[in-house]
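This report concerns only the one structure given below.
None of the figures in this text is laboratory data; all of them are computed from the coordinates on show. Just so it is clear, the structure is predicted and the values come from calculations on it, not from any experiment. Using ideal geometry, Cβ is built from the backbone for each residue, glycine included, and neighbour counts are taken over all protein chains shown.
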Amino acid sequence: MNIIEIKDLSFSYSENLHALTDINLEIKRGEWISILGHNGSGKSTLSKLIIGLLKADKGEIYVDGLKLSEETVHDIRRKIGIVFQNPDNQFVGVTVEDDIAFGMENLCFSQPEIENKITEYAAKVNMLEFLKKEPQALSGGQKQRVAIAGILAMSTDIIIFDEATSMLDPKGRSSIMKYIKEINETGVTVITITHDMKEAVLSDRIVILKEGRIIACGDTIDVLNNKSILNSSNLELLLPLQLLHLLEENHQSNEKLKDILWRLSLNK
Amino acid sequence: MAIKFEQVNYVYPSYDGPAFSALKDINLDIDEHGEFITLIGETGSGKSTLVQHMNALIKPTSGSVTIYGIKIEHDTKAKGKVKLNPLRQRVGLVFQFPEYQLFEETVLKDIIFGPKNFGVKEEVAIERARQVIKHVGLSEEYLSRSPFNLSGGEKKRVSIAGILAMEPDILVLDEPTSGLDPKGRDSLLELFMDIHKKLNKTVIVITHDMNTVYKYASRVLVMNNGKLVYDGLPTELFSKDNIANWNLDIPEILDITYQLEDKYNIKFPKVPASLQDLYELIKEVIL
Ligand SMILES: Nc1ncnc2c1ncn2[C@@H]1O[C@H](COP(=O)(O)OP(=O)(O)OP(=O)(O)O)[C@@H](O)[C@H]1O
Ligand SMILES: Nc1ncnc2c1ncn2[C@@H]1O[C@H](COP(=O)(O)OP(=O)(O)O)[C@@H](O)[C@H]1O
Ligand SMILES: [Mg+2]
Ligand SMILES: [Mg+2]
């Protein structure tokens with residue numbers, strides 16, 4: 001069953017700026033999908049269309065069976081949490097604690113529940129000691145962690161992460177990715193927008209955008225190994241696969257080596 | 001010496017709650033020429049706070065930072081002999097969030113703002129803008145766009161272009177590659193490397209990407225909890241067990257190398273500097 005269906009969707013910011021053209025995409029319930037593509041390819045625009053922050057020029061979006069429209073946008077937003085690319089766009093409160101609470105308040109969580117979840121999720125992103133601080137007084141990566149906590153705490157069916165870990169240190173990033181994997185395993189549908197192939201590897205499926213069009217959509221393992229498609233949208237092969245391609249182009253590989261390099265690529 | 005930190009402490013003031021000590025006893029020398037420095041460390045370790053001292057955007061709570069002979073201390077005021085404007089032209093700082101740097105109606109106005117502010121003629125500044133916009137991988141058409149209506153990565157590129165147009169003597173970039181697509185990341189790093197090599201300027205790059213550190217840095221600084229805990233060669237850094245202690249990651253090339261050594265129970269005769277190197281080693285030792 002598809003939780004998101006996008007049909008013939010097009011969107012322009014202005015007459016000569018076509019950000020998305022003829023997008024068709026189906027996302028299954030419980031799936032983890034990555035959206036990749038060069039800067040300006042339309043990734044964030046697509047996510048804003050899905051939550052109804054932007055209105056399509058053409059085409060339709062269905063979320064959990066509901067067709068997105070002025071009447072349904074409120075119901076749809078209750079199903080989708082989005083961590084924005086710039087965490088500052090998400091902060092409205094005076095303290096970190098207010099900001100984590102904000103999304104839950106919109107979903108009418110009870111006050112005691114909100115309080116419990118603030119601590120629970122601040123702990124998950126390692127920000128417990130910062131609850132009383134102003135969000136503006138945080139480092140870049142700390143802001144991203146707060147933004148992530150606030151959205152996770154809403155426990156929506158679908159979560160979109162728009163380059164949500166771009167400023168985290170490697171350990172912080174992998175702990176967030178591990179957590180995303182966990183919630184995905186409990187049935188949450190996950191969309192991650194990223195430039196990092198090591199993150200994309202974790203998802204079930206990869207969509208690649210180029211100049212507002214989908215140029216590839218398929219199982220992670222297939223898209224991951226498609227050098228020409230990746231390169232055409234400013235992306236790169238994972239390093240072990242770059243090595244494997246180099247070896248194979250020079251007829252220098254063997255099964256054992258190939259196996260090791262694939263395992264390294266897939267983090268196994 | 002272009003920039004010298006002496007016993008620098010920095011405490012973020014707070015109206016309620018305890019003040020926060022973000023830099024602790026930093027001593028550091030930065031040369032005007034010939035360095036490609038990467039600055040790494042955990043989220044919140046003080047990297048951005050440190051680099052904002054390099055062009056006197058913030059002043060040390062105690063200790064001093066001397067920038068091109070001008071000593072900046074806690075009570076230094078920008079008047080009389082102490083002029084901060086020239087310092088800001090000589091030490092160009094690109095912020096972590098491009099939004100902090102973009103405020104004009106058009107990309108062009110944003111890029112020429114810095115140079116004009118430092119006395120460059122408008123025509124010259126415009127010509128520079130035409131050049132730098134291409135250097136950061138955007139077409140000239142972007143010059144007439146509003147900086148607020150750009151994608152995240154495009155904003156990042158414009159904010160870098162604005163500092164490049166100032167032609168500073170030292171280029172300091174706070175996470176310039178976060179949010180860039182992989183090709184953009186590589187070509188901008190090559191651009192910084194070019195500036196470093198051809199114009200013999202010092203470049204300082206904050207990053208979380210160990211591959212960048214391994215490939216480009218001649219010197220690496222590691223911050224941990226407000227302290228400068230490492231200042232030296234990248235190769236030494238990654239050969240020590242510092243990695244685990246400081247939340248560091250290992251460069252991927254080394255990771256693959258060590259894994260192969262492990263799986264084949266061998267030891268390569270040297271540590272590869274690049275993918276091509278590793279390829280040669282594999283041919284020599286494994287195949
Ligand atoms: N508010 C806006 N007004 C006008 N044009 C915009 C606006 N936001 C984005 N654009 C343009 O739409 C296109 C797609 O932008 P979008 O933000 O979706 O890209 P993206 O794939 O998320 O890029 P990045 O990797 O840099 O975040 C780009 O050409 C961009 O310049
Ligand atoms: N304006 C501010 N007010 C108070 N504390 C701050 C402010 N900016 C940063 N900090 C704190 O100082 C520490 C270092 O921040 P920063 O230099 O931005 O870290 P980094 O760049 O290494 O991620 C962090 O713990 C952060 O919360
Ligand atoms: Mg984006
Ligand atoms: Mg920072």
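Tabulated data for the structure shown
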| item | result |
| --- | --- |
| Globularity index of chain A, i.e. its alpha-carbon radius of gyration over 2.2 N^0.38 Å | 1.05 |
| For chain B, alpha-carbon Rg and Dmax in angstrom | 20.5, 70 |
| Per-residue average of Cβ from other chains inside 10 Å of A:161-174 | 5 |
| FRET efficiency estimate (nearest 0.05) - Cβ-Cβ, A:Asp204 to A:Lys58, R0 22 angstrom | 0.20 |
| Segment A:1-83 - convex hull of the alpha-carbon atoms, volume per residue in Å³ | 97 Å³ |
| Chain A - charge dipole about Cα centre, Lys and Arg +1 at Cβ, Asp and Glu -1, debye rounded to 20 | 500 debye |
| Three principal axis lengths of segment B:88-148 [C-alpha, angstrom, descending] | 28, 28, 21 |
| Radius ratio Rg over Rh of the protein assembly as shown, counting only Cα atoms, Kirkwood formula for Rh | 0.96 |
| Assigned charges on the beta-carbon of Lys, Arg, Asp, Glu; segment B:1-120 dipole about Cα centre (debye) | 540 debye |
| Qualifying aspartates and glutamates (Cα of each under 18 Å from Cα of B:Lys116; at least 8 residues distant if same chain) | B:Glu104, B:Glu105, B:Glu127, B:Glu167, B:Asp169 |
| Extreme residue, positive dipole direction of chain A, given options A:Thr156, A:Leu246, A:Leu68 (C-beta unit charges) | A:Leu246 |
| Rounded tilt (10° steps) of B:122-135 against the dominant C-alpha axis of chain B | 20 degrees |
| Given charges at beta-carbon only (K, R positive; D, E negative), |dipole| of the protein assembly as shown in Debye | 1060 debye |
| 0 to 90° range, to nearest 10: angle between helix B:107-117 axis and chain B longest Cα axis | 70 degrees |
| Given charges at Cβ of Lys, Arg, Asp, Glu: segment B:43-198 dipole, positive-most of B:Thr43, B:Ile133, B:His74 | B:His74 |
| Extreme residue, positive dipole direction of the protein assembly as shown, given options B:Leu199, A:Leu107, B:Pro147 (C-beta unit charges) | B:Leu199 |
| DSSP-defined beta bridges in chain A - what % are antiparallel, rounded to 5 | 55 percent |
| Between segment A:18-86 and segment B:107-172, the Cα center-to-center distance that results, in Å | 32 Å |
| Long-range amide H partners of B:Ile72 with built H, under 5 Å | B:Val65, B:Thr66, B:Ile67 |
| Residues with amide H under 5 Å from that of A:Ala216, placed H, sequence gap 5 or more | A:Ile208 |
| With Cα atoms, 0 to 90° folded angle of helix A:111-124 axis to chain A main axis | 30 degrees |
| Hydrodynamic radius (Kirkwood) for segment A:155-219, which is based on Cα pairs only, to one decimal in Å | 12.7 Å |
| FRET efficiency, 1/(1 + (r/R0)^6) with R0 25 Å, evaluated for A:Glu115 and B:Ser21 via beta carbons | 0.25 |
| 10 Å Cβ shell holding at most 16 others, DSSP loop, GluC sites (Glu not before Pro): longest site-free stretch of chain B | B:106-287 |
| Beta bridges by DSSP in the protein assembly as shown, antiparallel share as percent, to the nearest 5 | 55 percent |
| FRET efficiency, A:Glu211 to B:Glu261 (Cβ-Cβ, R0 51 Å, nearest 0.05) | 0.75 |
| Whole-Å semi-axes of the ellipsoid equivalent to segment A:163-264 (Cα gyration tensor, √5λ, descending) | 25, 18, 13 |
| Loop-exposed chymotrypsin sites (Phe, Trp or Tyr not before Pro) per DSSP, neighbour cap 13 Cβ within 10 angstrom, longest uninterrupted part of chain B | B:104-287 |
| Gain on full stretching of the segment that runs from A:Lys132 to A:Ser12 - 0.36 nm per residue minus C-alpha separation | 39.1 nm |
| Per DSSP, loop trypsin sites (Lys or Arg not before Pro) in segment B:66-151 with at most 12 further Cβ within 10 Å | B:Lys77, B:Lys79, B:Lys81, B:Lys83, B:Lys121 |
